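The values are calculated or read from the model by the stated rules, or taken from the named source; none is laboratory data. Remember, it's a predicted structure, so these values are computed and weren't measured experimentally. Using ideal geometry, Cβ is built from the backbone for each residue, glycine included, and neighbour counts are taken over all protein chains shown.
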Amino acid sequence: MNRSPVLIVGSLAYDDLEMPSGTFENVLGGAATYSSIAASLLTPVRVVGVVGNDFPESVLDDLRKRGVDTAGVERADGKTFRWRGRYSADLSSRTTLDTQLNVFADFRPKIPAEFKASPFVLLGNIHPALQLEVLAQVEKPQLVVADTMNFWINGEPKLLGEVLKKVDLLVINDEEARDLSGIHNLVKAAADIRKRGPKHLIIKRGEHGALFFDDAGMFFAPGYPLEEVVDPTGAGDSFAGGLVGYIARVGNLAHPTMRRAIYFGSALGSFCVEGIGPRRLLDVSPGDLRTRMDQFMALVETGGRVELPE
């Protein structure tokens, strides 16, 4: 297989998590961190971000051992981006208690020369102006995948609109899709969003799976059912990393590839939520992923085309 590299641009951070199971301080976090770990199980990764002088080199060493090229991670004078949040008793919602941008406040992505020809690009949910800066530096990628969030949808609609014109696949959740389109029905919302630029759209619905929209129509993949969810932090970023990692590994954008990629994203998202922070994700082996994918396929297998009984 091709195993083309993926360029991932986003945040590397520390999280302080107040969970029903306890409080966990200084947990490794950030969209680029989760996405890179997930994608690295499938293909080489190139990451661009910024950390402070409080970020241990050993963490970057661990990423490099997994096949993540950290040449694009800038170390700036100051503290690393930090987020503190409190989850509800059933983990279905969370409240942001504190956000300290620190060195991330002045982050301007600088794509190393050796990264600029990366065929697959994943833009984390950073400021749309920074996403545009990345796109101005890369050289005709095969696929650009972007994430965003309500903060940018509501606060930077014009710049986000420019991003949407330049990306191939947008990955957002159902709340964000409704916010972006102003339409409650997700099928109608998807049609509205795709008119703004992205040829492909994925709407994540957490444990309820994901909807995929493209010119061929609509596709649904369920979430992988788990007995216990420990920490939902980073699940969406792990999904995005697994998704683009699989596409890069196969090396084409054929319709079946895109559909299968959603299952790989869902599988890696399901691993993520089984531990605090990226702890469980870091322990996943290729064999673990194959086993979960086999279980996933058994979950949706019907034994062939479903015929109407006579």
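Here are the numbers for the structure shown:
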item: PHE219 under 23 Å from VAL163 (Cβ atoms) and among the aromatic types (Phe, Trp, Tyr); result: no
item: Unmet criterion (only one of (1) crowded, with 18+ Cβ neighbours inside 10 Å; (2) touching a residue at least 24 places away in the same chain (Cβ under 8 Å); (3) of a type outside the set (Asp, Glu); (4) in contact with a helix residue (DSSP H, G or I) (Cβ under 6 Å, 6 or more places away or on another chain)) for SER266; result: (4)
item: Residue match in the stretch 290-298 (condition: among the β-branched types (Val, Ile, Thr) and over 23 Å from ASP174 (Cα atoms)); result: yes
item: Qualifying residue in the stretch 136-151 (condition: in a helix (DSSP H, G or I) and among the aromatic types (Phe, Trp, Tyr)); result: yes
item: So PRO232, is it under 20 Å from MET293 (Cβ atoms) and either surrounded by fewer than 24 Cβ atoms within 10 Å (Cβ to Cβ) or basic (Lys, Arg) (or both); result: no
item: Selection from the stretch 73-104 of residues that are of a type in the set (Gly, Ala, Ser), under 21 Å from the mean Cα position of the chain (by Cα) and surrounded by fewer than 17 Cβ atoms within 10 Å (Cβ to Cβ); result: SER92, SER93
item: Criterion (at pLDDT 95 or above, surrounded by fewer than 18 Cβ atoms within 10 Å (Cβ to Cβ), among the basic types (Lys, Arg) and out of contact with any helix residue (DSSP H, G or I) (no Cβ under 8 Å at 6 or more places or on another chain)) met by exactly one of LYS165, LYS140; result: LYS165
item: Exclusive hit being under 20 Å from the mean Cα position of the chain (by Cα) and either surrounded by 14 or more Cβ atoms within 10 Å (Cβ to Cβ) or part of a helix (DSSP H, G or I) (or both), set GLY245, GLY287; result: GLY245
item: Residue in the stretch 169-188 that is on the phi < 0 side of the Ramachandran plot, modelled with pLDDT of 95 or more, touching a Cys at 6+ places or on another chain (Cβ under 9 Å) and assigned to a loop (DSSP other than H, G, I, E, B) present; result: no
item: Any hit, the stretch 190-198, residues being closer than 22 Å to GLY10 by Cα, out of contact with any Cys (no Cβ under 9 Å at 6 or more places or on another chain) and touching a residue at least 60 places away in the same chain (Cβ under 8 Å); result: no
item: The one condition in (1) in contact with an Asp or Glu (Cβ under 6 Å, 6 or more places away or on another chain); (2) outside any strand (DSSP E or B); (3) surrounded by fewer than 24 Cβ atoms within 10 Å (Cβ to Cβ) that ARG3 fails to fulfil; result: (1)
